[in-house]
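As structure tokens, the structure follows; a few thoughts come after it.
The values are calculated or read from the model by the stated rules, or taken from the named source; none is laboratory data. All figures in this text were calculated on a predicted structure; none of them were measured in a lab. Here Cβ is always computed from backbone atoms with ideal geometry, including for glycine, and neighbour counts include all displayed protein chains. Ligands, DNA and RNA are excluded from the accessible area calculation, which covers all protein heavy atoms including side chains. Shrake-Rupley method; radii C 1.70, N 1.55, O 1.52, S 1.80 Å.
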Amino acid sequence: MALSQRALQKMMQKLSPQQIQMIKLLELPALQLEQRIKQEIEENPVLDEEVEIKKEEGEEENTNFSIDEYMQDDVPAYKSYINNYSKEDSISKPLYVADRLTFHEYLSEQLGYKNLTDRERALADYLVGSLDDDGYLRRELLFVSDDIAFSTGIETDEAELERILKIIQELEPVGVGARNLQECLLLQINAVQDPSPAQVLAKNILTNYFEEFTKKHYEKMKSRLGVCIEDFRAAIEEITSLTPRPGNMYAGGAASIAPTVTPDFLLDYQNGEFDLQLSYANVPEMKISRKYLEMVQDLSAKKEKQSDSEKETVQFVKHKIESAKWFISAIKQRHNTLTQTMQAILDHQKDYFVDGDQAKLRPMILKDIADITGLDVSTISRVVNSKYIQTHFGIFSLKTLFSEAMQTDSGEEVSSHEIKKILSECIENEDKRKPLTDETLMETLNQKGYQIARRTVAKYREMLNIPVARLRKEV
């Protein structure tokens, strides 16, 4: 088959570097926006953090000079746009520094108090490093021994690693080094000195009836154990008081340095009036530095006598000024977009924002706000994502304001939040010895006028982090 060439013309939409940067700015929450602006100020010398510069007494402002007029000279506009970011660049994330030991460092420190040989200590440190953040060893010892031989050159076997693991299981918090939930709970119950009858029975249940316990087959277990309901209930309470994730019991390290939520919007409600503001108290305002404006003015005055270095300086300053002007404009556009979107949400959910009663939340999807504001659905999605609002009844994510619409028997549209609230109340007030199934919950909601399928009940229950009826059963 012979090769041939032909011209093909087609149209495709492609975002400019400035549009991509605008999208990224729109997605940033308040805390990261502050850091992004400070980063831009550091990288662009033309940008100044000062709100305004006071004039000296007797000094007159030069009103005859225009930056825009000067920027039009010599250089085409497209050459003045600078893309200072590559695909590999990412928005700077806040850095949190811990001054306390991490979970694994805490365990390693405890090993120092054990009477171990150098070989045992090396093996123990490797096993500690193999634990996950919950404190579990999720890998088979055979595979761990192969990794140790490959990475450290130490030949070992399962029996030796089992002995070292027993030493690690003596460390705090109790339960670390377990390979599964059953072993984790048994480590904790075995660590109790002078166990009570309830704790002895709890150990028996965990050792011999663990599968039945996880499935909550209480009647079968009680019958086989031959104990009364009071003793059985006391044993179950002992087991449920144990922690399934011992690593979470360590208060140092990452758990103590989690970032707090910074609201993006502040909403005040007084005397029947709402006051909506953007929460940018720490975000610096920007302007183009007076020093560089004067530099451009001086170079403009002697345009014909510029040296090569001065021309390069002019070119550099032009680029930076144009970049600064675009960035300032992009920040203002971001503020306007966020305010416009949040105001539309406030108008749509005004009854809810009065007192925070979720039953008053109206059905609302992204397209509803897009239609009100005239913005694209993707823009609304970026505004809502990772943004929080502070009200007189708490701080919460904007995502929680959006919900599907459900129709009652009377034809009235209600928010899925209302369905979830009723669902929570039904489960909260149920008889825990005979918890309500999804089928029963569906029938209850149908009787209240909410036509809803069983699978939808299951979906909402899972969204509320409520387990199935079998796992909610209590003795």
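Figure legend: label point modelled 7 angstrom from the Cα of ASP194 along Cα→Cβ; no residues of the stretch 158-173 have amide N under 17 Å from it.
With a simple spin-label model that places each label point 7 Å from the Cα along the Cα-to-Cβ direction, the separation between ILE365 and ASN115 comes to 7.1 nm.
Using 0.36 nm per residue and subtracting the Cα-Cα separation, the extra length available between ASN208 and CYS426 on full extension is 75.0 nm.
Oblate is the label for the stretch 110-171, because the ratio a/c of its alpha-carbon gyration tensor axes (a ≥ b ≥ c) is 1.5 or higher and a/b is not greater than b/c.
Sorting ASP264, ASP133, ASP357 by accessible area (1.4 Å probe), largest first, what list results?
Values: ASP264 0, ASP133 115, ASP357 50 Å².
The ordering from most to least exposed comes out as ASP133, ASP357, ASP264.
Over all alpha-carbon pairs in the stretch 144-238, figure out the percentage whose distance exceeds 23 Å.
Numbers: 1826 of 4465 pairs.
Percentage above 23 Å: 41.
Computed extension length for GLU294-PHE150: 45.3 nm, one decimal, from 0.36 nm per residue of separation with the Cα-Cα distance subtracted.
Length gained on full extension, LYS166 to ASP357: 63.5 nm, using 0.36 nm per residue less the C-alpha separation.
Two decimals is fine: what's Rg over Rh for the stretch 191-246, C-alpha atoms, Kirkwood radius as Rh?
Result: Rg/Rh = 0.95.
Which FRET efficiency value, to the nearest 0.05, do you get for ASN336 and ALA405 by plugging their Cβ-Cβ distance into 1/(1 + (r/R0)^6) with R0 = 30 Å? Intermediate values should be presented prior to the final figure.
Values: r = 29 Å, r/R0 = 0.97.
In this case the efficiency is close to 0.55.
Counting every alpha-carbon pair across the stretch 293-425, the share separated by more than 20 Å comes to 61%. If R0 is 45 Å, the Cβ-Cβ spacing of GLU474 and ILE23 corresponds to a FRET efficiency of close to 0.35.
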